[in-house]
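Novice: Encoded as structure tokens, here's the structure I'll be asking about.
The values are calculated or read from the model by the stated rules, or taken from the named source; none is laboratory data. The model shown is predicted, which means the values in this text are computed figures rather than measured ones. Note: ideal-geometry Cβ built from the backbone for every residue, glycine included; neighbour counts use all protein chains shown. SASA here: full protein model, heavy atoms, side chains in, ligands and nucleic acids out. Shrake-Rupley method; radii C 1.70, N 1.55, O 1.52, S 1.80 Å.
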Amino acid sequence: MTMDDAGGGRAPNDHEASVRARREEAVANFERPRDIVGRVQHALHVTPALVPLIVLTAAIIGFTWLLGTRFLEQLPLIMQQVQIVGVLAAAQTLIILTAGIDLSVGAIAVFSSVVIGQVSFRYGVPPALSIAAGLAIGSAIGAASGWLVSKIKLPPFIVTLGMWQIVLATNYLYSRNETIRSREIREEAPMMQWLGAKPNEQIVQWIEASRGIEWERRRPPQTDSPVLDFLWATNITYGVLVMILLFAVLAYALRATAWGRHVYAVGDDPEAAALAGVNVRRTLMSVYILAGAICAVAGWIMIGRFGSVSPSASTGVLGNIQSITAVVIGGISLFGGRGSIWGAFFGALIVGVFELGLRMAGADAQWTYLLIGTLIIGAVGVDQWIRKVSA
């Protein structure tokens, strides 16, 4: 007689079957099914850099269709044109990710370049040490802003607005409004202009010299070696390579390190981050110091790009707006805590593509400002639309 016959309970096989049946039952799902628009919105929320990448690709395709392959040949020139703004945008991104804003990035870059030049030519310091001094000055200015924001609790907008004026004034006072000319730097301190050199040309010249090929003046663009001709026409400077490397390092740090997670947490909700054990003050200080150092790197790139050191460089005023423009177009939220630093890189390239493309098309320069302004407003609108996903 079995247990069922005796009324002692259910057989073991019946019990296993009921457990298996319960496992196969559908689990309650409270997530609403997404339509196509919802899926797109979710994809853009998960990958913030996707929007600027799409805009950049569309702009390149559009101008190539309008102007032909001659526009594609100018892409290396675009990289050279945006290298300073790109590096400043990297610094600006770090600040904006913490829900702040830095109106002094351009002024720090110019002042750092002035310090690099003046320390070397006025005091006879070796170029390597003068460059280190410029990086130290940029970091110190960033530390001062970070201390006022994190310790004194002043608004970042007010702090950096005041710092912009202070740094610009100090820049003119310290330099005595003197410009160090390109020829002087090239003859006495060529290391300062190193980031403006083109490694592709150096490699081609080295290869041809090893093969016994010498040119009377300048190497012609077309020779009997198409591979070397292509490499010669690449026109990528060391400054461009430094910009790309900087974005790659920061992207890894923000995505794969505890420090990067803390930066996003502070920008999203500093009180919640503090309750979770994040040292908010230390995180803010590290961000502002790093941003200042990055601005000093932009100052060094300026010397390589322009060849000279000028305290009246337009970057001191325009660099702030240009960096914010690149960050906003890059899809990084001005409210902090969301965005990819690659978006700022794409944003800087978008501005460069539109400026060069419209100039090559013979359009009025005002169309560039019109389109960039439209992109800024559109980027903020898209950001608000994407934020509805998290809400």
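Novice: Expressed in nm to one decimal, what extension gain is obtained for the pair TYR174 and ALA136 from 0.36 nm per residue of sequence separation less their Cα-Cα distance? Spell out each step's value before the answer.
Specialist: Working: separation 38, 0.36 × 38 = 13.68 nm, distance 1.61 nm.
This chain segment gains 12.1 nm when fully extended.
Novice: For n ≥ 4 DSSP H runs only, could you compute -39500 (n - 2.57) per run for the chain, divide by its residues and tell me the 222 nm figure to the nearest 500? Walk me through the numbers before you get to the answer.
Specialist: Details: 19 runs with 286 residues, N = 391.
It comes out at -24000 deg cm²/dmol, rounded to the nearest 500.
Novice: Which option, (1) 21.0; (2) 21.7; (3) 23.7, is the value of Kirkwood radius over Cα pairs in Å that was calculated from these coordinates?
Specialist: Comparing each candidate, only (3) matches the computed number.
Novice: If you roll a 1.4 angstrom probe over the protein chains with everything in place, what fraction of the accessible area of the stretch 110-231 belongs to carbon and sulfur, to the nearest %? Intermediate values should be presented prior to the final figure.
Specialist: Working: 4530 of 7280 Å².
Here it works out to 62 percent.
Novice: Hey, with R₀ at 45 Å, roughly what FRET efficiency would LEU231 and LYS153 work out to, going by the Cβ-Cβ distance, to 0.05?
Specialist: Working: r = 53 Å, r/R0 = 1.19.
Working from the Cβ atoms, E equals 0.25.
Novice: Then there's this: For the chain, the longest stretch holding no GluC sites (Glu not before Pro) located in a DSSP loop with at most 16 other Cβ atoms within 10 Å is which?
Specialist: Numbers: sites that count: GLU25, GLU31, GLU73, GLU178, GLU214, GLU216.
Longest site-free region, per DSSP loop and neighbour criteria: 217-391.
Novice: So, for the stretch 198-262, what is the accessible surface per residue at a probe of 1.4 Å, expressed in square angstrom? Before the final figure, lay out each step's value.
Specialist: Details: 4290 Å² over 65 residues.
Value returned for the stretch 198-262: 66 Å² of accessible area per residue.
Novice: Loop only per DSSP, at most 16 neighbouring Cβ atoms within 10 Å: give me the trypsin sites (Lys or Arg not before Pro) in the stretch 133-237, ordered by residue number. Intermediate values should be presented prior to the final figure.
Specialist: On the way: sites: LYS151, LYS153, ARG176, ARG181, ARG183, ARG186, ARG211, ARG217, ARG218; in loops: LYS151, LYS153, ARG176, ARG181, ARG211, ARG217, ARG218.
The qualifying sites are LYS151, LYS153, ARG176, ARG181, ARG211, ARG217, ARG218.
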